[in-house]
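Chemist: This is the structure I want to talk about, given as structure tokens.
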Amino acid sequence: MRKLLLMDKYHISLHGGLCAEEGEAVQRTCPPIKPTAPILRPDKPWESRQLNWVSMRVEDGLYRVWYEAFDLDSTHDCECRLCYAESRDGEHWEKPNLGICDYHGSKENNIVIDNNVVGGLGIHGHSIFVDPNAPAEARYRCVFVGIIKHPSGVDGMLDVMSFAYSPDGIRWTHGLPELPNDFLHYPITPFGSDTQCSVFWDPDYKKYVGYFRTWLHTGARSIARSETSDLTSWPTPRTILTPDSTDPHLTDYYNNGATRYTSGGDTAYFLFYSPYDHETQKCWARVAISRDGVIFDRIDRRIFLDNDQPYDAGMIFVASGIHDIGNGECAMLYNAASWDHSTAEVTAADPGGAVMVKFVRDRIVGLETQTFYNFSTAGWVDPQNPEVYVNAIVRGRLRAALIRDDKFVPGYSPDDCEPLTGDLRDAKITWKGSAEETKDAVLKLYLEDGIIFSATVNHL
């Protein structure tokens, strides 16, 4: 079985005859339903100012979250502490006393990285991923921004990217096993990125890929990408997404939430980027999509996550990662702030926190028609044993046909198909026919008023 993510026309055949496209469809984002409250709130002394950037992994049924926390003594972005929380059900969370880092004379806390762990660089905008190429002691990698004195000797500080590694995500060591012991004097990267980065191993490229902040000549913040085979050597990132004329005047793009998503053998890349409107001082989240992780499409400019809850009324920053949590559902995490970007102190009644949203698998971006859209997939189906499953929200009806040599396979025309309607989660398509031939046939879907997210077929 092979899944076809129908977020664009990548898997749609453009052949003539019966296989040709008919009607119109547009790309549509499918915003998830938000919960009533964040999963994590600032309720510890070392979190007394606010919670910030978050990362999540789901491992063997255990939800694991790393988040940045600021206390009232913090004076700049890198004066935060990376903390850890976990849950068995995604609803009830524990901030365990780990005994690793000292806070005001006590190690009874859930802090895993502080300024001492990273040699005085500070930590901000972290990205945590599991490295399949690493030795056991460095299975977990953390990439973050720190600050150093300007190497030219002039007054001021310079942002640099730095690293930490861990065997378990709890006990961290500054640097990389591949770097020399004198890590602080090693040229870490030729760039800095003062927002949350997204770094992961991409098995298709067989490289480490990172998404960082860059700046246009106008000063506008934008999103850039870099890739490398060697974590100790990163090329300067190339800008891939910038504010344009459709954005409000004086808009920046803050964090990127870059995610590589796989489902049923198909792969897509998403940027859950946060436009920052200088007029309103708010940040929300939109979606850009890609098949290669380099060229991103943002045709649907509708807001994916809006500032419509008390806990996220000011700013929203989506974390990298879409996590399969079973039962046909996925989850994402984002950092929510009830105050806007102009507010230096958390003065709002709601302290914000880390928010988890859940949604049906694959339902991020789909193809929508309010009339009809008939299209052939680029995959093939075995008519001797046709298995086709669809993930769609159908307000009218959805049918399918099998086509060979520009003719309907007998018994597999649209009229032979049992029409489907409603909320379809991997719903099987059935026909009245029974073909004896084994030659491959083209699958054509007939959608009337609805949005389709994916189709799964039994042969390609």
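The values are calculated or read from the model by the stated rules, or taken from the named source; none is laboratory data. Given the structure is predicted, the values throughout are model-derived calculations rather than measurements. Please note: Cβ atoms are built from the backbone with ideal geometry, for glycine as well, and neighbour counts cover all protein chains shown. What goes into the accessible areas is simple: the full protein's heavy atoms, side chains included, and nothing from ligands, DNA or RNA. Shrake-Rupley method; radii C 1.70, N 1.55, O 1.52, S 1.80 Å.
Chemist: Once each part is reduced to its C-alpha centroid, what is the distance from segment 78-145 to segment 233-267 in angstrom?
Modeler: Measuring centre to centre over Cα atoms gives 26 Å.
Chemist: With +1 assigned to the C-beta of every Lys and Arg and -1 to the C-beta of every Asp and Glu, and no other charges, what is the dipole magnitude of the chain about the Cα centre in debye, to the nearest 20?
Modeler: Magnitude of the dipole: close to 420 debye.
Chemist: In µm²/s, what is D for segment 291-405 at 37 °C and 0.692 mPa s, where D = kT/(6 pi eta Rh) by Stokes-Einstein and Rh is the Kirkwood radius from Cα pairs?
Modeler: It diffuses with D of about 179 µm²/s by this estimate.
Chemist: Need one number for segment 376-423: average projected area of the convex hull over its C-alpha atoms, nm².
Modeler: 3.8 nm²
Chemist: Ratio of alpha-carbon Rg to the 2.2 N^0.38 Å globular estimate for segment 32-155, to two decimals, please.
Modeler: Compared with the compact-globule rule of thumb, segment 32-155 sits at 1.15.
Chemist: Once fully extended, how much extra length lies between Leu179 and Lys432, figured as 0.36 nm per residue of separation less the alpha-carbon to alpha-carbon distance?
Modeler: 84.6 nm
Chemist: So, one more: Put +1 on the Cβ of every Lys and Arg and -1 on every Asp and Glu Cβ in segment 1-100; which of Leu5, Val65, Asn97 then has its Cα farthest towards the positive end of the dipole?
Modeler: Farthest towards the positive end: Leu5.
Chemist: While we're here: Rounded to whole Hz and in sequence order, give me ³J(HN,Hα) for segment 122-134 from the Karplus expression 6.51 cos²θ - 1.76 cosθ + 1.60, θ = phi - 60°, writing x for Gly and Pro.
Modeler: Rounded to whole hertz, the list is x, 8, 6, x, 6, 9, 10, 8, 8, 9, x, 9, 7.
Chemist: With no solvent and one equal point scatterer per Cα, compute the Debye intensity ratio I(q)/I(0) for segment 1-96 at 0.13, 0.17, 0.21, 0.23 Å⁻¹ and report its log10, rounded to two decimals.
Modeler: -0.68, -0.86, -1.09, -1.20
Chemist: Could you tell me which residue out of Pro243, Ile123, Leu420 lies farthest along the dipole of the chain toward its positive end? Charges go on the beta carbon: Lys and Arg +1, Asp and Glu -1, centred on the Cα centre.
Modeler: Leu420
Chemist: Put a dot 7 Å past each Cα toward the Cβ at Asp194 and Thr75; how far apart are the dots in nm?
Modeler: The answer from the label model is 1.6 nm.
Chemist: Given a 1.4 Å probe, how much area per residue of segment 372-460 is accessible, in Å²?
Modeler: Dividing the accessible area of segment 372-460 by its residue count gives 42 Å².
Chemist: Related question: Give me the percent of the accessible area of the chain that comes from carbon and sulfur atoms, probe 1.4 Å, all protein chains in place.
Modeler: The nonpolar share, carbon plus sulfur, comes to 49 percent.
Chemist: Highest first, please rank the peptides 304-314, 290-300, 359-369 by the mean number of other Cβ atoms sitting within 10 Å of their residues.
Modeler: Descending packing order for the listed peptides: 359-369, 304-314, 290-300.
Chemist: Give me the orientation-averaged projected area of the Cα convex hull of the chain, in nm², one decimal.
Modeler: 23.9 nm²
Chemist: Then there's this: For segment 171-311, what percent of Cα pairs sit more than 27 Å apart?
Modeler: Tail of P(r) above 27 Å: 29 percent of Cα pairs.
Chemist: Which order do the peptides 410-418, 443-451 come out in when sorted by mean C-beta neighbours inside 10 angstrom, highest first?
Modeler: Put in order of decreasing packing, that is 443-451, 410-418.
Chemist: Can I ask one more? In Å², and per residue, what accessible area does segment 57-130 have when probed at 1.4 Å with the other protein chains present?
Modeler: Ligands and nucleic acids excluded, the result is 42 Å² per residue.
Chemist: Could you do me a favour and compute the accessible area per residue for segment 286-334, 1.4 Å probe, result in Å²?
Modeler: Dividing the accessible area of segment 286-334 by its residue count gives 35 Å².
Chemist: Run the simple label-point estimate for Arg88 and Asp168 please: 7 Å along Cα→C-beta, distance reported in nm.
Modeler: Between Arg88 and Asp168, the label points sit 1.8 nm apart.
Chemist: Could you give the length gained by full extension between Asn133 and Ala37, i.e. 0.36 nm per residue of separation minus their alpha carbon distance, to one decimal place?
Modeler: Using 0.36 nm per residue and subtracting the Cα-Cα distance, I get 30.8 nm.
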